[in-house]
Amino acid sequence: METWQAVAIGIIPSIGVGLIFWFAMRAVIRADRNERAALAREDAEAAAREAEKGAENPQAAATSGDAVDDASAGSEGRRQEA
């Protein structure tokens, strides 16, 4: 067996494992990025709904100020669980 063949046989498995690791880490990072974007979208929609409720009924918004705090605390809890 020639030297270059021995070197290739020794390096190819390492390259394969490295590629598998790279694809796995890329998938994890993309999934995390997508989850963070979805949570941000959900939080923005919840804030918009709360703002809309407040604009429709100003007295209810003045008395239920804790609703916004409760909504943000719920999303914080989801983030901490992950």
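Express the accessible area of region 5-52 per residue in Å², computed with a 1.4 Å probe while the remaining protein chains stay in the model.
81 Å²
What FRET efficiency comes out for A31 versus I11 if R0 is 41 angstrom and r is the Cβ-Cβ distance? Round to the nearest 0.05.
0.85
The values are calculated or read from the model by the stated rules, or taken from the named source; none is laboratory data. Keep in mind the model is a prediction, meaning the values are calculated, not measured. For neighbour counting, all protein chains shown are included, and Cβ atoms are generated from backbone atoms with ideal geometry for every residue, glycine included. In case anyone asks, the SASA skips ligands and DNA or RNA and just uses the protein heavy atoms, side chains included. Shrake-Rupley method; radii C 1.70, N 1.55, O 1.52, S 1.80 Å.
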